[in-house]
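Since the structure comes first, as structure tokens, the remarks are kept for the end.
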Amino acid sequence: MTEISASLIVITYNQLEHLMKLIESISKQSMGHKFETVIVDDCSSDGTGEYLDNIETEADLIIIHNNHNAGRASSRNTGAKAASGNLLIFVDGDLALDDYFIERHISFHSENPDMTAVGKVNYPDDTAAGKYLGNRSMFQLKRPSRIPFRYFISGNFSIPAELYNELGGFDEDYAFYGGEDLDLGYRLAEEGIDIYYIPQAVAFHVHPIELHELLSKRYEFGLKGLALFAAKHPKTAEHVPIYRLFSRPLTHFILRFITIPLFYKPLEYIAGMTGILSGRVYDYLVFGAVFKGLLDSAEDNFAGTNERAGRSIAGVSIGWMAIISILYIFDFFGERYKTALTVLKDMLN
Amino acid sequence: MFVLVALAVSLIFILSGSLLASRLFSLNHRDSISVYYSWGFMYIISAYFMMAAGIAGYLNFTAAFVWLVVLVIASVAGFHYWGGIINSQRSIFRDLLAANGWLLNLLILGLFVYIITAFVGALSPPMNLDVFNYHYELLGQYLSDGRITFNPTFFYGATPFTAEMISGFLILLSNLKGGQFIQYIAAVMMFAAVFSIARKLTDAKSAVIALAVLMSTMFLPFLIAEAKNDQVLALISLLSLYAFALGYVNSDSKQIILGAVFAGFAAGIKLYGLGIGASAIFVILIGRILGRTKLSYGAIAWAIVLNLLIASPWYLRSYFLTGNPFHPFFTDLFTDRFWDSTLAFKFTLLREPYVDVNLIEFILSPFRLVFQPDKYLARIGPVFLTALPVALLFRQKNRVVNFFLVTGLLYFIFWFLFLRDGRYLLPILPGIAVYCAGPLVQIFSRGKFARFVVFAVLAVNILLANMINAKRQYQKFPVVFGTQTKHEFYRDLMEVDRKKLSSGEYVPVYPEYEFSQKVNSIAEGSEAIGVFAYNEAIVYYFLEPKVYLLLPLWQNAIDFKKIDDIQDVDSTLSNFNIEFIVTDTGDDKSVPSDALLAQYPEFKSSLRGANIFLEYLHNHCILIISEGRYRCFRKISGNTRKD
């Protein structure tokens, strides 16, 4: 195998404070391997541009300024185009890297040249949402493991440049938060490329995550990213658990019922205020947020991607209306039949 | 004639109100909804003017006429709004009648039949029991005295009376029926407001459905054409909630103030109108704390102050008269001069058939409201129960509509805790109807079968509502069309026995009517009549002299516990200048053991007083009229001295 030269691609948007920590962590990387860093400023307005233009660092830096806010997918592609390494390592601008971060990614690829690797993101555990995120799904794994495409996340991952280019990079239709990683993960799986989770390649989320921030991101994912993914790949979307629940009539109906604001909102407020509720409650809230996003992505409560589920909702609604009405009519006339007869008699007389 | 007067007054309300609403709250008169705000404004302001005139002792035709002139002048100043107002209302009719498909047009036809039937009913002389018991009885006393007096023998003698003041305004300008007809106009305004708001928030189709949902409410026919205050309370509450909702969603403090003003108006109409402002402001406050609105705390504080300030006149009056601003409620919280242990126990008995306050009953209450209406004293109909759970499953993106739902639910909790009478849900039903309309339209548009089911549910219930409405109103038709005199109307009015609804047995509605006429002929020129009964009083409205109620179970202005001998009775009657006493107690010389008053030891001291009263009637008064169980006695002054 040819020697691996890595390009670390960082995208940032209005995260100057976090970016400074990231750059500091880049400069502390173990020097076993040479790598360049491409930073794509997605048209920040918080002084990121000026900071990057005047930065003094020993790191091999390429700075790119987008002249408009192009979104995560497009910015990553821009970064990838500018990169010269044969391994692309992508990180988000609000992460700081473990000292051996680059080394771990490179060493994985030196042994598994045709694979894609997703690293670990450590969330600060000073908030309940941070604790929840840090312990969910693959983050619980201690050893490198193959993961399904739906677990592919783009905040910390590496991919051979050639493979990335063959796949066409990220789909730039995802010009908003979320969904672009799911889409790329799916295309990797389609090509038969294994996706591995490597817990040793650690990045640290530098700011605490609050529940409302987590839920609003999940909502946006449901509203735009997942909805677009489902529209592009309707059958594959069924592999995403929340979409499967959304698209199947019975589970859709149950989810609709259990996520009505009457149940959802109080739990959201209690969880937000106390932070002492269990992970299951957070699962419910996160699922609920994505579900609501999916519902809102449709023009009305039937149109769009949930046709089957819409039918079931209509069916249940119609059934309920019919049953109550029939019961009422029996009740009404049952009670009043004598009165009705008297009125009728009076009218006839 | 009275119809023309009521319509003209309404028109004047709209024109003069448009001037005020546009100046104070920048309401656009071209917006169809602002017409209802304008009408509501002047309705309430006129009522407060009549109240002020009444307190000052000028509750007479001159005051009403002077106020009318003021309104006419304001209307002339606001006449340039006329074109915009007409256009906005024309657009409502255009949308209502626009081709929505034959199914919806059939529904609209049903709604028109309903409104027209009620219109005819509204032209008849008043016939509602509540109207006779206090709405018109107390108003009649005020008009007769030329001032708002306090009759302490009336249970509701100190409660808010805004709507009745407008009836009084119309009575002074036309006649009793004018006072009734203006309340019918309030009901029609409420329907139109529901349509306009639903149309603005969604579309014309939803607006028709919202109207159908609201008009399927089965107890509406019993009040829509009567001289009651529920109709205008529902309209004012809807307008208040709509303004609050817009203020909340758009962080517009002007709208919040408008909502607070109308919530204050609502509280001035009926005590439970307080629940509207309280629910809405609570939601807004929570929303502000959670950052869902950018309204300033100052604006919310102003809303609270204005709400209370505008409602305050009636509550201050009540406080000064009884010591309790909410008389006859919340008597535990205040020292109420007209409340005692007998009344408290009677109240407990009254509330006994009501459901208990617990979580299970709360959850069951929507079902009971539909299937066990006796539990909540009113039949609400099944449409809300069919539509609301369905609507809850549909995400609605419109925050105004969601505000209606949340405040509605809060009010429902308030209602369940304190009221538990189905009729008192009316203030939130228009908003809930608007909430339900969107999802129903989505189902309606889903396909042929879905369309059929939604239509069938609505159509069957509109048909039922029309049947109930027809049954309620058709008895009034002969007197309205002149084939029956008013005297014959009241004498012949029959109704299914309220106590045995399922029996189908018809009984006279006012069996005491003829008796009352005889009493009037004898008591002509007399200052006051006392009405004595063990339990509920006879319908005393038909008695022409001023009425004082002498009911051991109902009030303590004449405290039966303190009656020790017949001289106490005599002096009490003299205090009220009562010359005649009517009763439904037959020849009873003491309260029979099966009377409620005799059944509970808690009534013992009042029972003793009641027996002394009976003794007084039979031994120290002259029996003048005896008819069935009805008696009329004449007091002989000065014959009870112990010497």
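Filtering the range B:437-476 to residues that are open to solvent by 60 Å² or more (accessible area, probe 1.4 Å) and either at the interface with another protein chain (Cβ under 7 Å from one of its Cβ atoms) or in a helix (DSSP H, G or I) (or both) leaves B:Arg446, B:Lys448, B:Phe449, B:Arg451, B:Phe452, B:Leu463, B:Met467, B:Lys471, B:Tyr474.
For the range B:375-395, a tally of residues being charged (D, E, K, R) and within 10 Å of chain A (Cβ to nearest Cβ) returns 2. Within this structure, B:Leu138 passes the test of being part of a helix (DSSP H, G or I) and closer than 25 Å to B:Thr62 by Cα.
Scan the range B:209-265 for residues that are crowded, with 24+ Cβ neighbours inside 10 Å and among the hydroxyl-bearing types (Ser, Thr, Tyr) and jot them down. If the condition is that a residue be crowded, with 24+ Cβ neighbours inside 10 Å and among the hydroxyl-bearing types (Ser, Thr, Tyr), then B:Ser216, B:Thr217, B:Ser237, B:Ser240, B:Tyr242, B:Tyr248 are the ones that fit. Of everything in the range B:514-551 that is among the hydroxyl-bearing types (Ser, Thr, Tyr) and closer than 28 Å to B:Ala598 by Cα, the residue that is nearest to the chain's Cα centre (by Cα) is B:Tyr541.
The single residue among B:Leu385, B:Leu393, B:Leu440, B:Leu410 that is within 25 Å of the chain's Cα centre (by Cα) and in contact (Cβ under 8 Å) with a residue 24 or more places away in the chain turns out to be B:Leu410. Answer yes or no: is there a residue in the range B:41-55 that is farther than 21 Å from B:Gly146 by Cα and in the same structural domain as B:Pro313 (by TED's automatic domain parsing). The answer is yes, given that some residue of the range B:41-55 is farther than 21 Å from B:Gly146 by Cα and in the same structural domain as B:Pro313 (by TED's automatic domain parsing).
Checked against the criterion of being outside the structural domain of A:Thr78 (by TED's automatic domain parsing) and either crowded, with 18+ Cβ neighbours inside 10 Å or of a type in the set (Lys, Arg) (or both), the candidates A:Leu182, A:Leu215, A:Leu188 yield just one match: A:Leu215. Condition first: within 28 Å of B:Leu385 (Cα to Cα), in contact with a Pro (Cβ under 6 Å, 6 or more places away or on another chain) and hydrophobic (A, V, I, L, M, F, W, C). Can you find one or more residues in the range B:254-266 that meet it? No - not one qualifying residue is present in the range B:254-266.
Here is a yes/no grid of residues against (1) among the aliphatic types (A, V, I, L, M); (2) over 27 Å from B:Leu139 (Cα atoms); (3) in the same structural domain as B:Ser341 (by TED's automatic domain parsing):
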position	(1), (2), (3)
B:Ile538	yes, no, no
B:Ile563	yes, yes, no
B:Gln599	no, yes, no
B:Ser606	no, yes, no
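Going by the conditions given, is B:Ser521 away from chain A (no Cβ under 14 Å), open to solvent by 60 Å² or more (accessible area, probe 1.4 Å) and at pLDDT 90 or above? In short, yes. Of all residues in the range B:35-71, which are among the polar types (S, T, N, Q) and buried (at least 24 other Cβ atoms within 10 Å of the Cβ)? Correct list: B:Ser38, B:Ser46. Put simply, of A:Tyr174, A:Tyr132, A:Tyr197 the only residue that is open to solvent by less than 40 Å² (accessible area, probe 1.4 Å), touching a residue at least 12 places away in the same chain (Cβ under 8 Å) and either basic (Lys, Arg) or in a helix (DSSP H, G or I) (or both) is A:Tyr132. Against the test of being at the interface with chain B (Cβ under 8 Å from one of its Cβ atoms) and either modelled with pLDDT under 70 or open to solvent by 40 Å² or more (accessible area, probe 1.4 Å) (or both), the options A:Glu307, A:Glu335, A:Glu299 yield a single qualifying residue, A:Glu335.
Per-residue answers, yes or no, for (1) open to solvent by 10 Å² or more (accessible area, probe 1.4 Å); (2) hydrophobic (A, V, I, L, M, F, W, C); (3) modelled with pLDDT of 90 or more; (4) outside the structural domain of B:Tyr319 (by TED's automatic domain parsing):
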position: B:Phe150; (1), (2), (3), (4): yes, yes, yes, no
position: B:Ala163; (1), (2), (3), (4): no, yes, yes, no
position: B:Phe169; (1), (2), (3), (4): no, yes, yes, no
position: B:Gln180; (1), (2), (3), (4): no, no, yes, no
position: B:Gln183; (1), (2), (3), (4): no, no, yes, no
position: B:Phe191; (1), (2), (3), (4): no, yes, yes, no
position: B:Ser196; (1), (2), (3), (4): no, no, yes, no
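The condition of being touching a Lys or Arg at 6+ places or on another chain (Cβ under 8 Å) and assigned to a loop (DSSP other than H, G, I, E, B) holds for only one of B:Leu295, B:Leu333, that being B:Leu295. There is no residue in the range B:283-290 that is touching a residue at least 40 places away in the same chain (Cβ under 8 Å) and among the charged types (D, E, K, R). Testing B:Leu553 on (1) open to solvent by 10 Å² or more (accessible area, probe 1.4 Å); (2) at pLDDT below 90, one condition comes back false. Which one is that? It fails just one condition, (1).
For every residue, the table says whether it meets (1) among the β-branched types (Val, Ile, Thr); (2) more than 26 Å from the chain's Cα centre (by Cα).
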{"residue": "A:Asn14", "(1), (2)": "no, no"}
{"residue": "A:Val40", "(1), (2)": "yes, no"}
{"residue": "A:Tyr51", "(1), (2)": "no, yes"}
{"residue": "A:Asp60", "(1), (2)": "no, yes"}
{"residue": "A:Ser75", "(1), (2)": "no, no"}
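Per-residue answers, yes or no, for (1) at negative phi; (2) of a type in the set (A, V, I, L, M, F, W, C); (3) in contact with a Leu (Cβ under 9 Å, 6 or more places away or on another chain); (4) touching a residue at least 60 places away in the same chain (Cβ under 8 Å):
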| residue | (1), (2), (3), (4) |
| --- | --- |
| A:Met138 | yes, yes, no, no |
| A:Leu141 | yes, yes, no, no |
| A:Pro148 | yes, no, no, yes |
| A:Leu163 | yes, yes, yes, no |
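When B:Phe580 is tested against the conditions (1) under 30 Å from the mean Cα position of the chain (by Cα); (2) open to solvent by less than 40 Å² (accessible area, probe 1.4 Å); (3) within 26 Å of B:Ser144 (Cα to Cα), the lone failure is (1).
The values are calculated or read from the model by the stated rules, or taken from the named source; none is laboratory data. These figures come from a predicted structure and were not determined experimentally. Reconstructed Cβ throughout: ideal geometry from the backbone, glycine too, with neighbour counts over all protein chains shown. Protein only, heavy atoms only, side chains kept; ligands, DNA and RNA dropped before computing areas. Shrake-Rupley method; radii C 1.70, N 1.55, O 1.52, S 1.80 Å.
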